[in-house]
């Protein structure tokens, strides 16, 4: 029997909103449907037919806008509050660990701390102060710990990212919709960090009224990602690491 999983749900704790207001003068928005009462979530999940929900901190809680010490305090506080509210609901609700990439060593410790509390994934914002970090050696300790604990990564959207790799991924989604106007939505996610042979590194999801369009668009998008997204192409072998050349695919149709 299939399990329906809502893998991207937010909770903006009022306590976090108040604290950020104290630090910045601006209060993060709390969705009208958000509530500290997680039993309410369970009832809403039952009504919607959702079996499991993964919860991360609210979209407006971006701690790395703050100085390093304050950023670390915010993510620790946010994770701790979420852990408390998950108590008694761990069969249906699972936490996603928030990190501050201004504090790499502390982030490694935070992953360990929250994993011990039952958190099942890690949330990463890809850039800090305009600098892209997720595909740099600075992140290796974080990815190593995530790999050791066998946790998935939720790489949050990066509309302001300056990374050529993430920008290319966003470009491919737009190009796919241009080439296949029948499709409705395109989502593409790639894992980052070191992967072993045989591990899944890419997910492409396409929605349309008919499966043929979905399959064709998905196939083209995967090929296009292999061609133009640089994080896809680095391999490691006995003789060291090297980048692979992509293979040619038809260019997107432009209107």
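Each reported figure results from applying straightforward, stated rules to the coordinates on display, with no laboratory input. Remember, it's a predicted structure, so these values are computed and weren't measured experimentally. Ideal geometry is used to build each Cβ from the backbone, glycine not excepted, and the neighbour counts take in all protein chains shown.
Could you sort the peptides 83-94, 110-121 by per-residue average Cβ neighbour count (10 Å cutoff), highest mean leading?
Ranking the peptides 83-94, 110-121 by packing returns 110-121, 83-94.
By how many degrees, between 0 and 90 and to the nearest 10, does the Cα long axis of helix 164-179 differ from the longest principal axis of the chain?
So the helix axis and the longest Cα principal axis differ by about 60 degrees.
Of the listed values (1) 32, 24, 18; (2) 35, 26, 13; (3) 28, 23, 18, identify the label whose number matches semi-axes √(5λ) of the Cα gyration tensor in Å calculated from this model.
It is the value labelled (1).
For residue 241 and residue 89 in the same chain, what is the full-extension length gain: residue separation times 0.36 nm, less their Cα-Cα distance, in nm?
Extra length available between residue 241 and residue 89 comes to 50.3 nm.
For the pair residue 80/residue 26, report the inter-label distance in nm, with labels modelled 7 Å from Cα in the Cβ direction.
Output for this residue pair reads 2.6 nm.
What's the angle, to the nearest 10 degrees (0 to 90), between helix 104-116's Cα axis and the longest principal axis of the chain?
So the inclination is approximately 70 degrees.
Relative to the longest principal Cα axis of the chain, at what angle does helix 68-86 sit, 0 to 90 degrees, rounded to 10?
Long axis of 68-86 versus the principal axis of the chain: about 80 degrees.
Only helical DSSP H runs with n ≥ 4 go in: add -39500 (n - 2.57) per run for the chain, normalise by residue count and round the 222 nm mean residue ellipticity to 500 deg cm²/dmol.
After summing the helix terms and dividing by residue count, I get -12000 deg cm²/dmol.
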